[in-house]
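Enquirer: Provided herewith is a single structure, encoded as structure tokens, for subsequent inquiry.
The values are calculated or read from the model by the stated rules, or taken from the named source; none is laboratory data. All of these numbers come straight from a predicted model, not from anything done at the bench. No Cβ is skipped: glycine too gets one built from the backbone with ideal geometry, and neighbour counts run over all protein chains shown.
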Amino acid sequence: MANSLALVLVWISILFSPSLATTGDDRFRRDGSVIELTSSDFDAAISSFDFLLVDFYAPWCGHCKRLAPELDVAAPVLAGLNKPIFIAKVDADKYSKIASKYEIDGFPTLKFFIHGVPIEYTGPRKAEVLVQYLRKFVAPDVSHLESDTAIQNFVDSAGKNFPIFIGFGLDESLMAVFASKYKKKAWFAVAKDFSEDMMVVYDFDKVPALVLINPKYGERSVFYGPFEGDFLDDFIKQSLLPLTVPINPDTLKLLKEGDRKIVLAIVQDETHENSAQLIRILRSAANANRDLIFSFVGVQQWEEFADRFDATKSVHLPKILVWDGNEEYELVVGSEKLKEEDRGSQISRFLEGYRQGNTIKKKLKGPSLIGFINSLISLKSIYLVVFIVAILMFVQQFGGQSGANQPVRGEHLD
């Protein structure tokens with residue numbers, strides 16, 4: 001009886017051991033390296049880790065090979081968080097039952113398991129940005145900042161890749177609504193105890209105030225309300241993008257998520273000083289016209305994109321227009337081109353003409369650009385094409401060989 005009681009006590013001590021609670025299944029390394037999983041330990045892994053990012057890859061996949069070193073860099077950083085995130089990989093080509101179970105139809109596919117529940121990871125894949133993105137999953141929706149030091153530490157640790165919203169004197173429950181809605185796109189915090197020094201640093205003179213910091217683009221702004229209805233939501237949604245958006249494949253995906261029309265300035269070269277001056281003017285216009293998105297692109301930087309708006313190296317530039325983000329754009333009569341002098345007045349007249357409806361509508365050349373970018377050929381389609389080509393080559397080769405072995409009419413076979 002005594003032995004039985006002792007055995008029970010031993011099992012209880014094992015089950016509730018703090019070391020076991022923190023280390024989980026001993027089969028898996030927790031040193032920050034990427035863990036290779038197989039069909040025999042996959043289920044155990046997703047049960048063992050609270051937060052596990054799994055890379056479903058195929059050895060022959062070029063994109064997978066480019067992603068692997070990014071994951072190797074991110075893994076030790078994520079494993080060192082207060083709430084650690086671990087990274088694992090599984091050869092989904094070899095372990096096809098796992099791939100089928102989690103509906104993997106392309107490589108690489110990333111799934112983030114939160115307490116065993118998978119969600120598709122569609123965020124950035126460069127190591128630094130991937131770390132910042134995933135950190136938001138394990139961070140509280142709204143951080144509480146109780147001092148000037150806490151505010152500065154929060155801003156520093158948030159990094160430079162996502163906007164930061166700090167509510168000074170704002171009600172936490174109000175912030176929580178939007179923090180949950182935009183959790184994947186920005187950092188949120190409320191500051192209760194702060195000095196006048198912080199008001200000077202972040203350039204606000206009364207509370208409540210919502211301060212936006214967009215470190216990636218070096219922008220800041222302050223919202224004083226009203227904080228009811230759609231006003232706060234509109235400010236946050238509009239502030240997720242910089243005042244002037246450089247057009248590239250990544251930002252196009254962000255533009256698609258909004259419902260605002262886009263003022264687009266097409267220049268010869270984004271890096272030229274004349275273009276920089278124009279962008280500064282656009283930024284001022286954007287600050288006063290938040291219902292529109294202001295953007296720019298250089299023909300030298302992305303000629304294929306500019307050509308869809310009939311803008312090439314041989315066309316007089318800059319050219320300015322309003323794009324619906326899909327298949328149509330509008331030219332304002334008399335304001336299609338920007339002259340060298342007094343561009344501020346020209347942009348004001350352009351906006352006035354647009355709001356008065358003095359425009360000419362045009363269609364983009366070729367297919368819808370955003371639709372084109374977001375309808376990339378799926379891996380299944382690639383498989384199908386490769387399969388068909390292989391069959392045709394086989395048939396052609398087999399048919400050629402068969403034809404070569406047929407006797408010519410009238411010949412004799414030995």
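Enquirer: If you go through the range 128-139 one residue at a time, how many are surrounded by fewer than 17 Cβ atoms within 10 Å (Cβ to Cβ) and either within 20 Å of Asp250 (Cα to Cα) or modelled with pLDDT of 90 or more (or both)?
Expert: Of the residues in the range 128-139, 1 are surrounded by fewer than 17 Cβ atoms within 10 Å (Cβ to Cβ) and either within 20 Å of Asp250 (Cα to Cα) or modelled with pLDDT of 90 or more (or both).
Enquirer: Taking the condition of being part of a loop (DSSP other than H, G, I, E, B) and either in contact with a strand residue (DSSP E or B) (Cβ under 7 Å, 6 or more places away or on another chain) or buried (at least 17 other Cβ atoms within 10 Å of the Cβ) (or both), how many residues in the range 250-269 meet it?
Expert: 5
Enquirer: When the residues of the range 225-249 are filtered to those that are aliphatic (A, V, I, L, M) and under 18 Å from Ala179 (Cα atoms), which remaining residue is surrounded by the fewest Cβ atoms within 10 Å (Cβ to Cβ)?
Expert: Within the range 225-249, the match that is surrounded by the fewest Cβ atoms within 10 Å (Cβ to Cβ) is Leu240.
Enquirer: Mind listing just one residue for me: the one in the range 39-57 that is of a type in the set (Ser, Thr, Tyr) and part of a helix (DSSP H, G or I) and, of those, farthest from Ser96 (Cα to Cα)?
Expert: So the residue we want is Ser48.
Enquirer: Looking only at residues that are outside any strand (DSSP E or B) and touching a residue at least 24 places away in the same chain (Cβ under 8 Å) in the range 200-224, which one is surrounded by the most Cβ atoms within 10 Å (Cβ to Cβ)?
Expert: Phe204
Enquirer: OK, next. Of all residues in the range 56-83, count the ones that are in contact with a strand residue (DSSP E or B) (Cβ under 8 Å, 6 or more places away or on another chain), more than 19 Å from Gly32 (Cβ to Cβ) and loosely packed, with under 15 Cβ neighbours inside 10 Å.
Expert: 1
Enquirer: Please work out which residue is surrounded by the fewest Cβ atoms within 10 Å (Cβ to Cβ), limiting yourself to the range 140-159 and to residues that are of a type in the set (D, E, K, R) and in contact with a helix residue (DSSP H, G or I) (Cβ under 8 Å, 6 or more places away or on another chain).
Expert: Ranking the qualifying residues of the range 140-159, first place goes to Asp148.
Enquirer: For the subset of the range 84-126 comprising residues that are basic (Lys, Arg), in a loop (DSSP other than H, G, I, E, B) and under 22 Å from Gly32 (Cα atoms), which member is farthest from the chain's Cα centre (by Cα)?
Expert: Only one residue fits best here, namely Lys126.
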